[in-house]
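Here the structure is laid out as structure tokens; the discussion comes afterwards.
Read the figures in this text as sums done on the coordinates, not as results from a lab. Since we're looking at a predicted model, the values are computed, not measured. Ideal geometry is used to build each Cβ from the backbone, glycine not excepted, and the neighbour counts take in all protein chains shown.
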Protein chains: 2
Amino acid sequence: MSDLSTTPPLTYASVQAAHELIKPYIHETPVLTSTYLNTLASTPRTTEEVFGKDEAAKQPDYQPAKPVLRFWFKCENFQKIGAFKARGAFHAIERLKREPGWEEGGGRERGVVTHSSGNHAQALALAALTSQIPAHIIMPSTASPLKIAATRSYGANLTFSGPLASEREATAAAVQAETGARMVPPFDHPDIILGQGTAGLELRGQVVARNGGKGLDAVITPCGGGGLLSGTALACSSEGGPLVFGAEPSDTGADDARRGFLKGERVTSVATTTIADGLRTHVGAIPWSVIYERRLVRGIYAVSDEEIRRTMRLVYERLKVVVEPSAVVGLAVALWNEEFRKLVEEQGGEKGWDLGVIFSGGNVSLEMLGELIA
Amino acid sequence: MSDLSTTPPLTYASVQAAHELIKPYIHETPVLTSTYLNTLASTPRTTEEVFGKDEAAKQPDYQPAKPVLRFWFKCENFQKIGAFKARGAFHAIERLKREPGWEEGGGRERGVVTHSSGNHAQALALAALTSQIPAHIIMPSTASPLKIAATRSYGANLTFSGPLASEREATAAAVQAETGARMVPPFDHPDIILGQGTAGLELRGQVVARNGGKGLDAVITPCGGGGLLSGTALACSSEGGPLVFGAEPSDTGADDARRGFLKGERVTSVATTTIADGLRTHVGAIPWSVIYERRLVRGIYAVSDEEIRRTMRLVYERLKVVVEPSAVVGLAVALWNEEFRKLVEEQGGEKGWDLGVIFSGGNVSLEMLGELIA
């Protein structure tokens, strides 16, 4: 994680440069397609499906959206550590290794530090291990044993804290003071954003290669802290690039990015219990500057936990792919969100859209999976 | 399905020709890798793991196998209809369309017929639908509602029969007599074998492209009726091609191919209740001629249902991929079968093997999945 004063500008070219840096360390994840899901998405929902049984009777004249959609699923659940977070973490480490004076000043020995209960912890641990740099990870003692074990298996030094964000931050500050390690935040840093953007960059190239030279019309990604969404927006910001959309859970106030987008002001705190546990955080300031202030994201749409469950089930049964709840919000929007579907109908017309959908990760235990889709 | 008198010879070149014919209709399925599974496979098992707790004490001098393995997983669970069977079915239809006199004789109107309770039914239904040829499918009335619904969704004419093989065959013969449709068997035909072999052909090319020009040392595939195994053997029979191995379940006598292989005589009937439901059949005569008589398969190894369950769990948690029990027997052999692992140690030495593993399919309901890996 480079010092902010030395980070590259947030541009398309910087995402390309990030890709060159991390290519040796990451998987070029495959892109899947599904005739079944294309047909399902391109079939209008019934009024009853849209409004529910009782309400549908009151909407006799409603015309359900008629979008035409062809999906291209970018499977970052097959990425190292099972999520796109490996991209940002490897990029942060590669940039750090190139920061003037870092190595000479003993930076390598002091290592890196972060606090995370999720995929970023594993990603940073793996990236640091790969370059033989010590990683100090602060996790809440309530984190899942599976994630603790995975992070430990990458050789990280674990410190446990209380479950509150303030407790984690205090512990991280103490560890940082003690070790002199460099802080690598999960999303609110240009190096992380540019690294995550490489998923969108790869996806664009893969689709052109397989689609007779025709690129994507649009891309949709989940939005939690906003690293993936803002990185993807940069990766699509070249001349003639696809439109970019964000997707969020709506239950218990998790749609902070959408609310902020509509209000014109970033929401800076969120408390939610959505099943999409990777998206429970609010959007960071730097991602927000790309997403909203620079207008590089066209819109943000939200779906219910029930719609997320239904979509997970489809992805398991039809695509044969293990995804975590956060991963499917983009597909759920395309399948069930009438507002988004009306937009595709209007803008895509009869020809429709080639829509890139980024599946962000697949880190879900079999037990939890059973409960989620029961 | 061409008449046997007009089928191509069972050679490497015929697999290449089959690939050209079916490419427009099938997915080039991705190949995944996993550092975790490579490490696990390259770690010797303990004597206790090999023999069990009680027996281990009696084997103080046993030296567990020390293979070095790098896996390349060919994900045919992402193939159309969720299994490699689409390859053989599309090839059968494409060959039929090119059979002299077939179209002129009204073959297109009479269509195709098969009996199957599994993936072949869906595969033939889809391939026939794609060429607008009627498909008559005989399924046992005890087949899973999911598979019945899937086959019906591809527009096939379904006829139900009793659950016994003899009942299905009698019903199929009656439907064939009535409709004049051409029989397309699930594995015991050159067109099917050559079609299935294209999975191995693709895999070889994909590995060379990603592995710095180095090809596979060996490939292992499941063996039920033997279509996939014999096709893969042909796809690997070019000069300098990889060794080919078969994998089977061992419980309740499912290892008919292995027993036949050791005895030098094909086993022609098998009754088993292994959880690997796609592998409950015995090997067909034409696959056997390739596998055994022409010595194109080096060996066949078996694993227990318990080992299959354990492997499925690993594939879900580590590769994030939905597989059916039959799909993982090759990986299970590489992880748990000491005899195979000793062979890899001996032949691969310190450099080890790049081993291609074909995941044959992913058609398993979420409910069954929950039970299987509980």
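Charge dipole of the stretch B:84-183 (Cα centre as origin; +1 on each Lys and Arg Cβ, -1 on each Asp and Glu Cβ, all else neutral): 320 debye, rounded to the nearest 20.
Counted by Cβ distance under 11 Å from residue A:320, the other residues give a net charge of -1, where Lys and Arg count +1 and Asp and Glu count -1.
Residue and distance for the chain A Cβ closest to the axis that moves A onto B, in whole Å, come to A:30, 2. The 3J(HN,Hα) values that the Karplus relation (6.51, -1.76, 1.60; θ = phi - 60°) gives for the stretch A:80-90 are, in residue order, 3, 6, x, 6, 4, 4, 4, 4, x, 5, 5 Hz. Gly and Pro appear as x.
For the stretch B:84-183, the relative contact order works out to 30 percent when only alpha carbon pairs closer than 8 Å and six or more residues apart are counted.
Given a Förster distance of 22 Å, report the FRET efficiency between residue A:263 and residue A:298 from their Cβ-Cβ distance, rounded to the nearest 0.05. In this case the efficiency is close to 0.85. Derived value for chain A: Kirkwood hydrodynamic radius 20.9 Å. Basis is the mean of 1/r over every pair of different alpha-carbon atoms. Dipole check for the protein assembly as shown: with +1 at the C-beta of Lys and Arg, -1 at the C-beta of Asp and Glu, and the Cα centre as origin, the magnitude is about 960 Debye. Each principal axis of the stretch B:84-183 carries a Cα extent, and these read 38, 27, 18 Å when sorted largest first. Computed per residue of chain B from DSSP H runs no shorter than four, each worth -39500 (n - 2.57), the mean residue ellipticity at 222 nm is -12000 deg cm²/dmol. Note on chain A: with a GNM built from Cα contacts shorter than 10 Å, the maximum mean-square fluctuation among A:334, A:125, A:165 falls on A:165.
Under 14 Å from the Cβ of residue A:132, count the other residues' Cβ atoms, weight Lys and Arg +1, Asp and Glu -1, and hand me the total.
It works out to a net charge of 0.
Each copy carries residue B:141; placing its label point 7 Å along the C-beta direction from Cα gives inter-copy distances of 6.2 nm, listed from smallest up. Relative contact order of chain B, taken over Cα pairs closer than 8 Å and 6 or more residues apart, is 21 percent. Within the listed set B:63, B:132, B:347, the Gaussian network model of chain B (springs between alpha-carbon atoms below 10 Å) gives the highest mean-square fluctuation for B:63.
Ordering of A:20-26, B:225-231 by packing is B:225-231, A:20-26, highest average first (other Cβ atoms within 10 Å, averaged per residue).
Under a Gaussian network description of chain A, with springs only between Cα atoms under 10 Å, the residue in A:37, A:335, A:203 that fluctuates furthest is A:37.
Counting only other chain Cβ atoms within 10 Å of each residue's Cβ, the peptide B:366-372 averages 3.
Calculate, for residue A:211 and residue A:45, the FRET efficiency according to 1/(1 + (r/R0)^6) with r their C-beta to C-beta distance and R0 25 Å; round to the nearest 0.05. Mind showing how you got there, number by number?
Details: r = 27 Å, r/R0 = 1.07.
E between residue A:211 and residue A:45, to the nearest 0.05, is 0.40.
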